[in-house]
1. Filter segment 15-68 for residues that are farther than 24 Å from residue 144 by Cβ and touching a Ser or Thr at 6+ places or on another chain (Cβ under 8 Å) and give the result.
2. Taking residue 293, is it at negative phi and more than 14 Å from ligand 1 (Cβ to nearest atom)?
3. Which one of these is polar (S, T, N, Q), open to solvent by 50 Å² or more (accessible area, probe 1.4 Å) and in contact (Cβ under 8 Å) with a residue 24 or more places away in the chain: 360, 325?
4. Can you find even one residue in segment 235-258 that is touching a residue at least 60 places away in the same chain (Cβ under 8 Å) and under 19 Å from the mean Cα position of the chain (by Cα)?
5. Quickly run through segment 101-126 and pick out the residues that are open to solvent by less than 20 Å² (accessible area, probe 1.4 Å), within 16 Å of ligand 2 (Cβ to nearest atom) and either part of a strand (DSSP E or B) or not assigned by TED's automatic domain parsing to the domain that holds residue 278 (or both).
6. Among the numbered criteria (1) open to solvent by less than 60 Å² (accessible area, probe 1.4 Å); (2) within 29 Å of residue 312 (Cα to Cα), which single criterion is violated by residue 91?
7. Starting from residues that are of a type in the set (S, T, N, Q) and in a loop (DSSP other than H, G, I, E, B), keep the ones in segment 36-82 and report whichever is modelled with the lowest pLDDT.
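The values are calculated or read from the model by the stated rules, or taken from the named source; none is laboratory data. Quick caveat: nothing in here was measured; it's all calculated off a predicted structure. For neighbour counting, all protein chains shown are included, and Cβ atoms are generated from backbone atoms with ideal geometry for every residue, glycine included. For accessibility, only protein heavy atoms count, side chains too; no ligands or nucleic acids. Shrake-Rupley method; radii C 1.70, N 1.55, O 1.52, S 1.80 Å.
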Amino acid sequence: MGFIQVSRGTRDILPDEVIYWQHVEATARQLLHQAAYRELRTPIFEQTNLFERGIGEATDVVGKEMYTFKDRGDRSITLRPEGTAGAVRSFIENKLHAQGGVQRLWYIGPMFRYERPQAGRQRQFHQIGLECLGSTDARADAEVIAIASQLLNALGVSEWKLSLNSLGTTEDRQRYREALVNYLNDYKDDLDTDSQDRLKRNPLRILDSKDPQTQHIAQSAPSILNYLGPDSKKHFDQVQQLLTDLGIDYQLTPSLVRGLDYYTHTAFEFELDGLGSQATVCGGGRYDGLVSELGGPETPAVGWAIGMERLIMLLQNAEIALNQSLDFYCVARGPEAEAQALLICQNLRKNGFSVEMDLSGSAFGKQLKRANRSGAIACLILGDTEACDRTVQLKWLASGEQESIAQADLSDLTSQLQNKLNAAKANSST
Ligand code: ATP
Ligand code: MG
């Protein structure tokens with residue numbers, strides 16, 4: 001029978017790579033906790049019209065990228081293509097706004113978009129995202145940007161570029177849209193076909209086109225920053241001042257429009273060096289209109305999402321070494337020794353150590369070779385003699401030193417063992 005492969009645009013994350021995922025997740029979890037963000041878990045599928053309304057029908061995501069299907073009850077269901085719409089639905093449905101003040105939420109998980117798969121672009125991919133709901137203050141914009149930059153820095157990714165723009169209010173954008181369409185109409189025939197199509201539906205997205213000739217035309221287009229009303233301008237000036245105060249470098253990028261319809265005011269993206277054409281690792285901005293658009297009370301909000309695949313690709317390329325640490329590898333041979341070893345391993349785990357037990361029953365030489373390859377700090381050895389004496393040989397793998405310990409003493413030795421492990425670890429890493 002033929003072999004069934006993984007679906008196009010999806011991939012397995014194997015144990016050697018999972019270490020990187022866990023590292024990113026743990027780092028993010030800690031930073032988000034420090035910034036008083038609380039995790040929210042929403043379903044992976046939602047009713048299709050949540051995304052149609054929340055993201056906008058004229059966007060690429062809704063227009064061409066959604067995994068939408070009818071379930072057995074004839075309801076239209078969509079696998080979430082991003083996290084904000086679901087988070088906002090949950091915020092409204094569970095009346096989180098009734099708790100008053102600002103709600104700081106974050107999420108992590110798989111997202112689904114029907115795209116052409118390539119390095120850093122998949123059909124199932126993963127995001128870490130956060131949403132700060134309930135404040136119009138420019139400090140909220142600065143806070144979320146600062147957290148993203150802090151996360152990148154904490155992961156050792158220091159070569160990033162922050163692009164910053166303001167999309168103003170809906171009214172600002174309407175005025176700008178007219179000016180832009182006016183300008184682009186003169187070059188209509190030179191635009192790529194996608195952009196010609198967008199001229200009526202979603203002209204701002206033309207600024208984002210990857211077509212070289214369209215890009216060239218877009219370079220001389222009017223800048224949205226000249227169309228901001230006084231309040232929008234004031235807010236944007238404040239955001240920039242706060243970023244400067246925080247020592248966060250940014251580049252004003254008037255062509256930065258973002259893919260989703262719901263953005264207002266601040267929009268931003270972080271790009272990483274060394275990712276080729278899929279360089280954007282984090283995108284976000286303010287979306288003051290979305291909560292009310294989805295039927296909730298008027299609630300300003302700002303947030304971002306980080307693409308985990310792209311981030312992890314970079315960490316792996318940078319060969320940042322991560323290992324799943326193992327304290328002990330246990331080898332035993334002979335029925336009595338093997339039975340005792342099982343008990344010893346279990347007791348060590350109860351005392352907080354990580355222990356891998358060799359199950360092969362093969363010759364000591366072979367088992368010890370595996371112990372050396374396992375990455376463990378020390379090896380526990382039990383043969384007939386040890387089984388008879390109720391002892392265990394403890395071999396420090398880096399130095400080769402060996403000592404005999406009474407099995408009965410093992411659990412009393414927890415803190416001593418831990419100190420010795422730490423010392424051996426420190427020795428082998430210098
Ligand atoms: P792009 O322009 O690369 O398609 P986007 O604007 O569609 O990105 P967002 O919706 O802002 O992306 O999502 C935030 C982040 O999620 C992106 O910056 C990227 O890192 C990641 N991302 C988006 N789509 C994919 C995908 N198909 N595969 C992997 N990562 C993705
Ligand atoms: Mg996209």
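1. The answer is 45, 47, 48, 49, 66, 67, 68.
2. Taking the combined requirement at face value, the residue satisfies it.
3. Going through 360, 325 in turn, just one is polar (S, T, N, Q), open to solvent by 50 Å² or more (accessible area, probe 1.4 Å) and in contact (Cβ under 8 Å) with a residue 24 or more places away in the chain: 325.
4. Yes, because at least one residue in segment 235-258 is touching a residue at least 60 places away in the same chain (Cβ under 8 Å) and under 19 Å from the mean Cα position of the chain (by Cα).
5. Result: 111, single match.
6. Unmet condition: (2).
7. Taking segment 36-82 and keeping what is of a type in the set (S, T, N, Q), we get 42, 47-49, 59, 68, 76, 78.
Subsequent filtering for residues that are in a loop (DSSP other than H, G, I, E, B) retains 42, 59.
Details: 42: 98, 59: 83.
Ranking the candidates gives 59 first.
Every residue, every condition in (1) more than 26 Å from residue 23 (Cβ to Cβ); (2) in a loop (DSSP other than H, G, I, E, B); (3) among the aromatic types (Phe, Trp, Tyr), yes or no:
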{"position": "320", "(1), (2), (3)": "no, yes, no"}
{"position": "328", "(1), (2), (3)": "no, no, yes"}
{"position": "339", "(1), (2), (3)": "yes, no, no"}
{"position": "348", "(1), (2), (3)": "no, no, no"}
{"position": "386", "(1), (2), (3)": "yes, no, no"}
{"position": "392", "(1), (2), (3)": "yes, no, no"}
